[in-house]
Amino acid sequence: MSVDRYEREYHLTPRGWEVGTFSVYGHVKESAISPKDRVLTVVRQVEQSSDYSSDDVWWVEQWRSSDASVVEKLLEEFGHRPTHRD
């Protein structure tokens, strides 16, 4: 079992990246409703396997709008990854 495992959702909207739900070991600690105008949702997953190891980080795409041109436009404007705040 890992020492620490958590994940945070991020939603790309016309306003930029917005913070979503935060979970620790699959248990929601901070719940957030997905914005209705989101075009992309990604999840930053972090795991530390021992007290002495560095964090392993994965980015997983959870949802994407079918409007590819809007997604690409907003990715160009706000970047392909949010600045995480965990």
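The values are calculated or read from the model by the stated rules, or taken from the named source; none is laboratory data. Predicted model only: the values in this text are computed from it and were never measured. All Cβ positions, even for glycine, are placed from backbone atoms using ideal geometry, and neighbour counts span all protein chains on display.
Those residues that are of a type in the set (Val, Ile, Thr) and either within 11 Å of residue 10 (Cβ to Cβ) or surrounded by 13 or more Cβ atoms within 10 Å (Cβ to Cβ) (or both), I need them from segment 30-59; list them, please. I'd like the intermediate steps shown before the answer.
Step one: filter segment 30-59 for residues of a type in the set (Val, Ile, Thr), giving 33, 39, 41-43, 46, 57.
39, 41, 42, 43, 46, listed by residue number.
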Next item on the list: Could you please find all residues in segment 31-86 being in a strand (DSSP E or B) and in contact with a helix residue (DSSP H, G or I) (Cβ under 9 Å, 6 or more places away or on another chain)?
Entry: 40, 64
Margin query: So for segment 4-13 (the condition being at pLDDT below 95 and over 16 Å from the mean Cα position of the chain (by Cα)), does at least one residue qualify?
Written below: yes
Margin query: I'd like to know if segment 4-16 contains one or more residues that are of a type in the set (Lys, Arg), touching a residue at least 24 places away in the same chain (Cβ under 8 Å), surrounded by 11 or more Cβ atoms within 10 Å (Cβ to Cβ) and part of a strand (DSSP E or B).
Written below: yes
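Among 60, 24, which is of a type in the set (A, V, I, L, M, F, W, C) and within 13 Å of residue 4 (Cβ to Cβ)? Can you show your working first?
Details: 60 fails: within 13 Å of residue 4 (Cβ to Cβ).
Result: 24 is the single residue among 60, 24 that is of a type in the set (A, V, I, L, M, F, W, C) and within 13 Å of residue 4 (Cβ to Cβ).
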